[in-house]
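Notes for the one structure printed next.
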Amino acid sequence: MEPWPGLAWVLLLSFMADLLKTGHSRDFTVKDIIYLHPSTTPYPGGFKCFTCERAVDNYECNRWAPDVYCPRETRYCYTQHIMDTNGESISVTKHCVSLERCLSIGCKESKQDGHQICTSCCEGNICNLALPRNATDAVFATTSPINKTERHLHPILLILTCFSLIWWTTT
C-alpha cells in the first residue's frame, strides 16, 4: 500500500483538530481584560476618535474632544468640515461612526449659502486629527479591506484536496 492515502488522512485529521481548537476558545469578558491589562481598551479592538459637534475650527474641536472610547458598534472616525467661500472654517464635527455613515464621503457645495462641505472617514485610533479641505483630503482611509472574503474558503479547498488525493490514490 502506498503511503499517500495515510499521509492525506493524517493531514486532514490534524487540520480538522486545529479547527476545533480555535472554534472553542474562551472569550474574555470586559472584566477579564481590565483585570489582566488595566491600561488596555474596554473591549478588543477599542479605539478613540476626536469628537465634537459644530466646533468653530479644528483646534477647538481637538482641544476639547472628550477622551472616551468609541462604542463597540462603530469602527471608523468621521469628520465633517464646513468652509466659507474663502476656505475658512465655519463648523467642524467629528465622532465615531459605523460603515454606513462612511459610504458618502467627499466634498460638495451647499446650494443655499455657497459653503463647501467636505467629509472624510478613517480607521484607527484618533486618526481624524486633520480636516478634509478638498477632494484629495475627503477620503475613506481604511487599514483593512471592507469586503472581507469568507475565511473558510481555504480550509474547504484543503479538505477537498485531501479527499481527492485519497480517492485518486485508492482507485
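The values are calculated or read from the model by the stated rules, or taken from the named source; none is laboratory data. Here the structure is a predicted model, which is why all the values come from computation and not from measurement. Every residue, glycine among them, receives a Cβ derived from its backbone with ideal geometry; neighbour counts consider all protein chains shown.
Computed values, structure above
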{"read-out": "Matching option when the condition is in contact with a strand residue (DSSP E or B) (Cβ under 8 Å, 6 or more places away or on another chain) and either closer than 30 Å to Pro132 by Cβ or modelled with pLDDT under 95 (or both), among Pro38, Pro5, Pro71", "value": "Pro71"}
{"read-out": "Filter result (more than 15 Å from the chain's Cα centre (by Cα) and exposed (fewer than 15 other Cβ atoms within 10 Å of the Cβ)) within the stretch 112-128", "value": "Gln112, Asp113, Gly114"}
{"read-out": "Residue that is surrounded by the most Cβ atoms within 10 Å (Cβ to Cβ), among those in the stretch 81-97 that are hydrophobic (A, V, I, L, M, F, W, C) and within 21 Å of Tyr59 (Cβ to Cβ)", "value": "Val92"}
{"read-out": "Cβ pairs under 7 Å, 6+ apart, first in the stretch 49-75 and closer than 16 Å to Thr119 by Cα, second surrounded by fewer than 12 Cβ atoms within 10 Å (Cβ to Cβ)", "value": "Thr51/Pro66; Cys52/Trp64"}
{"read-out": "Set Glu100, Glu109: member being exposed (fewer than 14 other Cβ atoms within 10 Å of the Cβ), closer than 21 Å to Gly46 by Cα and not small (Gly, Ala, Ser)", "value": "Glu100"}
{"read-out": "Residue list for the stretch 63-100, restricted to those being on the phi < 0 side of the Ramachandran plot, over 13 Å from the mean Cα position of the chain (by Cα) and small (Gly, Ala, Ser)", "value": "Ala65, Ser89, Ser91"}
{"read-out": "Verdict on Glu60 being of a type in the set (D, E, K, R), over 25 Å from the mean Cα position of the chain (by Cα), exposed (fewer than 12 other Cβ atoms within 10 Å of the Cβ) and over 24 Å from Thr143 (Cα atoms)", "value": "no"}
{"read-out": "Residues (of a type in the set (Gly, Ala, Ser), in a strand (DSSP E or B) and either modelled with pLDDT of 95 or more or out of contact with any strand residue (DSSP E or B) (no Cβ under 7 Å at 6 or more places or on another chain) (or both)) located in the stretch 87-143", "value": "Ser89, Ser91, Gly106, Ser120"}
{"read-out": "Filter result for Glu53 (out of contact with any Lys or Arg (no Cβ under 8 Å at 6 or more places or on another chain) and at pLDDT 95 or above)", "value": "yes"}
{"read-out": "Boolean, Tyr43 is part of a loop (DSSP other than H, G, I, E, B), closer than 22 Å to Thr143 by Cβ and modelled with pLDDT under 90", "value": "yes"}
